[in-house]
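**Student:** For reference, the structure I am asking about is given below.
The values are calculated or read from the model by the stated rules, or taken from the named source; none is laboratory data. Source: prediction; values computed, not measured. Heads up: the accessible areas ignore ligands, DNA and RNA and are worked out on the full protein's heavy atoms, side chains in. Shrake-Rupley method; radii C 1.70, N 1.55, O 1.52, S 1.80 Å.
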Amino acid sequence: MGKFICLLATITSFSVLMLGCGENNEPVADRLTVPAAPIQLRHAPVLTIQGFTTIELGGLPVQIHYLRVPPANASVPFETVLFFHGLPTSNAIWEPVMDQLSQLTNVDSYAISFPGFGRSDAPAPEMLDYSETSLNQVPFKFADSLGIERFVGVVHDMGGPSFICPAIEN
């Protein structure tokens, strides 16, 4: 069983269009059970938890800031969804999307800020290799640091290669 499912997203006025496939090429939208018919969304935002976890990049401990919207009902099966931002943003770009997704389906959502972005550590360039090869390690090291064994990845801009390149290799 794979560790991830690839999911590509585009955001327009806080609505999400999701395309992708799961382990057996089933549509991800069906897997996440997002209703096909329009629904009335709550206007009150859900509780967003903020946290930090430490990963090692090039022998250097780096604190990664994340936002989390836990599943509404953890007693029933749910997917874990990890959101990866692009340039020049941070995990904050995903908060409205995570809120809407939590209202549509029972998921455990995390959005990270890459090193040097948002509230994550920003070591000096002479201390941390900010190359694509180094940053490509962040998504899976983040998942490992929190014990996340399987997840759906939602990517934007630079978050794409940082997730998709190592995913293809694995």
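**Student:** Round to a whole angstrom and tell me the spacing of the C-alpha centers of the stretch 66-112 and the stretch 120-170.
**Tutor:** A separation of 17 Å, based on Cα centres.
**Student:** Where only protein heavy atoms count, and the probe is 1.4 Å, what is the accessible area per residue for the stretch 74-170 in Å²?
**Tutor:** Each residue of the stretch 74-170 exposes 42 Å² on average to a 1.4 Å probe.
**Student:** Continuing with this model, one more query. Principal axis extents for the stretch 51-170, Cα atoms only, whole Å, descending order, please.
**Tutor:** Dimensions of the stretch 51-170 along the principal axes of its Cα atoms: 45, 27, 23 Å.
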